[in-house]
Amino acid sequence: MNKILRNLVLIAHWVCFAIAVAVLLALGIYSKELDFVFISLSGFFAATSLGIGAAIRWMFFGKFSFLPWR
């Protein structure tokens, strides 16, 4: 059971990291066509996603890291 939980936590951290990277990449590509409010809210969403992924890992492993491979 512990191995399954460990794998689920790592998958959740990777998914949150991938969402944040995808949002930041989309902002980089379409930033000229977007409004400032949308850009700032998207940046906040990306940062929140990174924080949630790191917090999930921290809750179960006791290690706080924004990067999932550390």
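Mind pulling the angle between the C-alpha long axis of helix 36-61 and the longest principal axis of the chain? Nearest 10 degrees, somewhere in 0 to 90.
Between helix and principal axis, roughly 10 degrees.
How high is the relative contact order of the chain? Use alpha-carbon pairs under 8 Å, at least six apart in sequence, and give a whole percent.
Values: 57 pairs, mean separation 28.9, N = 70.
Once normalised by length, the contact order is 41 percent.
For the chain, what is the calculated [θ] at 222 nm in deg cm²/dmol (nearest 500), taking -39500 (n - 2.57) for each run of four or more DSSP H residues and dividing by its residue count? The partial results should precede the final answer.
Numbers: 2 runs with 55 residues, N = 70.
Calculated mean residue ellipticity at 222 nm is -28000 deg cm²/dmol.
Heavy atoms of the protein only, probe of 1.4 Å, neighbouring chains included. What is the accessible area of V23 in Å², nearest 10?
Here the accessible area works out near 30 Å².
By how many degrees, between 0 and 90 and to the nearest 10, does the Cα long axis of helix 2-30 differ from the longest principal axis of the chain?
10 degrees
Leaving ligands, DNA and RNA out of it, rank S40, S65 by accessible area with a 1.4 Å probe, largest first.
Solvent-accessible surface, decreasing: S40, S65.
Please get the size of the charge dipole for the chain, origin at its Cα centre, with Cβ charges of +1 on Lys and Arg and -1 on Asp and Glu, quoted in debye to the nearest 20. Can you show the working numbers first?
Values: 6 positive and 2 negative charges, 99 e Å.
Magnitude of the dipole: close to 480 debye.
Just the number, please: carbon plus sulfur as a percent of the accessible area of the chain, 1.4 Å probe, no ligands or DNA/RNA counted.
Numbers: 3870 of 5230 Å².
Its accessible area is 74 percent carbon and sulfur atoms.
So with the 1.4 Å probe, I'd like the accessible area per residue for the chain, rounded to whole Å². Walk me through the numbers before you get to the answer.
Details: 5230 Å² over 70 residues.
The answer is 75 Å² per residue.
Obtain the nm distance between the two label points defined at A18 and E33 by a simple spin-label model: each point lies 7 Å from its Cα along the Cα-to-C-beta direction.
2.4 nm
Name the residue from F61, S49, W14 whose Cα lies farthest towards the positive end of the charge dipole of the chain, charges +1 on Cβ of Lys and Arg and -1 on Cβ of Asp and Glu.
After comparing all options, I get F61.
The values are calculated or read from the model by the stated rules, or taken from the named source; none is laboratory data. None of the values given here were measured: they were computed from a predicted structure. For neighbour counting, all protein chains shown are included, and Cβ atoms are generated from backbone atoms with ideal geometry for every residue, glycine included. Please note that ligands, DNA and RNA were not included when accessible areas were found on the heavy atoms of the full protein model with its side chains. Shrake-Rupley method; radii C 1.70, N 1.55, O 1.52, S 1.80 Å.
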